[in-house]
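Below: one structure, written as structure tokens.
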Amino acid sequence: MVTSRHMTEPDGRRRCGWATSAPEYIAYHDDEWGWPLHGEQPLFERMSLEAFQSGLSWLIILRKRPGFRAAFADFDPATVAGFDDADVERLLADQGIVRNRAKIDATINNARRIAEAVPEGLDALLWSFAPARHRRPRGLGDVPATSPESTAMARELRKRGMKFVGPTTAYALMQATGMVDDHIASCWRAG
């Protein structure tokens with residue numbers, strides 16, 4: 001079991017071990033991952049990207065992020081909710097994104113469900129599942145894949161008709177948006 005894995009980079013900073021293999025990972029780790037994020041559009045983007053990542057490397061998603069933003073109207077839920085069959089065909093032909101019909105359909109569906117089934121707003125809904133207390137992991141081996149809160153979030157999102165929002169995806173969303181802080185104890189971002 002890994003209990004304190006970290007990497008010290010040339011800049012002298014210790015980072016979570018997953019964040020050191022590519023410049024995109026370092027930038028994402030240092031500037032975004034684990035910072036509290038609010039707002040319907042940014043949260044819809046993260047929720048959508050986490051769904052697209054399912055079964056793939058997060059590095060693929062990070063490298064294609066500009067393409068995703070262009071293809072999905074900067075993840076404006078109201079705009080994406082209006083996408084039609086022609087948009088689906090356009091997206092399936094777009095080499096700048098992950099061209100998976102089920103995930104494309106889910107993203108459009110989820111935008112529609114936000115408009116129809118989330119009267120309190122996506123921000124309020126998602127953040128209502130943030131745990132009151134969260135213990136920072138000592139090492140990568142202590143980072144869970146799910147939590148009771150992510151399981152409850154996934155259940156509620158599915159109840160409201162959303163897709164590609166299982167407990168693991170929900171937990172990754174919670175990590176990415178700062179609902180939980182899973183920077184390991186020796187990471188410079190911990191604290």
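Here, each number is a calculation from the coordinates, and none is a lab measurement. Since we're looking at a predicted model, the values are computed, not measured. Glycine gets a Cβ as well: all are built from the backbone with ideal geometry, and neighbour counts include every protein chain shown.
What is segment 1-102 by shape, rounded, prolate or oblate, if you read a ≥ b ≥ c off the alpha carbon gyration tensor as root eigenvalues and call it rounded for a/c under 1.5, prolate for a/b larger than b/c, and oblate otherwise? Prolate, since a/c reaches 1.5 and a/b exceeds b/c. Of the residues F164, A176, M153, the one whose Cα sits farthest toward the positive end of the charge dipole of segment 149-191, with +1 on the Cβ of Lys and Arg and -1 on the Cβ of Asp and Glu, is F164.
Annotation for segment 36-142: trypsin sites (Lys or Arg not before Pro) lying in DSSP loop with at most 16 further Cβ atoms inside 10 Å of their Cβ are R99, R133, R135, R138.
Relative to the longest principal axis of the Cα atoms of the chain, the long axis of helix 148-159 makes an angle of roughly 10 degrees. Modelled this way, with points 7 Å down the Cα-to-C-beta line, the labels at Q95 and A78 are 3.5 nm from one another. For the options L91, L126, L56, a Gaussian network treatment of the chain with springs between C-alpha atoms closer than 10 Å singles out L56 as fluctuating the most.
The ranking of D11, D76 from fewest to most other beta carbons within 10 Å of each one's beta carbon is D11, D76. The GluC sites (Glu not before Pro) of segment 6-111 that DSSP puts in a loop, and whose beta carbon has at most 15 other beta carbons within 10 Å, are E32. Sorting H134, H183 from the fewest to the most surrounding beta carbons within 10 angstrom yields H134, H183. Loop-located trypsin sites (Lys or Arg not before Pro) in segment 160-191 (DSSP state not H, G, I, E or B) with no more than 15 neighbouring Cβ atoms inside 10 Å: R160. Compute the Cα gyration tensor for segment 69-121, then decide on rounded, prolate or oblate, letting a ≥ b ≥ c be the square roots of its eigenvalues: rounded whenever a/c is under 1.5, prolate when a/b is larger than b/c in the other cases, and oblate in all that remain. Prolate is the answer for segment 69-121, as a/c is 1.5 or above and a/b outweighs b/c. The stretch between A117 and D85 holds 9.3 nm of extra length on full extension. This uses 0.36 nm per residue minus the Cα-Cα distance.
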